[in-house]
Amino acid sequence: MSEPAVRSAREFDAEPVALLLYESAAAMYDRFTGGRERAIRLLARAFESSGNNASREVITVAEIDGRVAGALAGFPVQETVSRAGGFLRLALRTSPPWRWPGATWLYWSGARAVPNPPDAAYYVDALAVEEALRRRGAARALLAAAEDRARELEMPTIALDTSLDNKPARALYLNAGYDEVAYRPAGRGLPGFVALVKRLA
């Protein structure tokens, strides 16, 4: 079996990346947009727009046998608020007005539900691998690429978070050298989260 090939996202990756980012948090995207198809359309538009947390410039993909198998969205923690705000503005512009209050509430509640990463960290906002291509090294290759990017930016740590009940993801991160550093319990209709950090040599 071939090893994953990691590269920056390109214009023609919009569809597979949108599908993967959706799968990284499908239930939340469904609530935010009103359903799977709306969510995937929004993520494809976000990929094609600069300045948000799903923009092409922050996406790295892993290919296996010429097929996009995984995607990672990552950027410095200092960009989190502006990029998340860019995504929210795009979502509101493309949603009917009656969805605005619920989407805005979910956006702010979700931001408060996740533990805060360290200020001087490179933040992995999303990571997903196509189910049929899992356990072939795509996730590890993407994490390694994110760590390389953090080093290029002279950032001492890399941070991410996942839901408390996502045991496969937690095991992946722990095996890759991450430490679980903070926990937030489930509440107000949102899942619980765990924050993970890895100090880079």
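Of note:
- Given +1 at the Cβ of Lys and Arg, -1 at the Cβ of Asp and Glu and no other charges, the dipole of the stretch 5-199 around its Cα centre is 480 debye to the nearest 20.
- Neighbours of residue 105 by Cβ distance under 14 Å: Lys/Arg scored +1, Asp/Glu scored -1, total +4.
- Each peptide in 15-25, 144-154, 94-104 receives the mean, over its residues, of other Cβ atoms within 10 Å, and ordering these scores from highest gives 15-25, 144-154, 94-104.
- When both bridge partners sit in the chain, DSSP labels roughly 90% of those beta bridges antiparallel.
- Contact order normalised by residue count of the chain, Cα under 8 Å, 6+ apart, percent: 21 percent
- Of 82, 163, the sequence from fewest to most neighbouring Cβ atoms within 10 angstrom is 82, 163.
- Counting neighbouring beta carbons within 10 Å and listing from fewest to most, the residues 81, 58 come out as 81, 58.
- Footprinting exposure proxy for 119, 13 (fewest neighbouring C-beta atoms within 10 Å first): 119, 13
- Rounded to the nearest 500, the helix-only mean residue ellipticity at 222 nm of the chain stands at -13000 deg cm²/dmol, with each DSSP H run of n ≥ 4 adding -39,500 (n - 2.57).
All of the numbers you see were taken from the coordinates with simple rules; none came from a lab. Not measured: the values here are computed from a predicted model. Here Cβ is always computed from backbone atoms with ideal geometry, including for glycine, and neighbour counts include all displayed protein chains.
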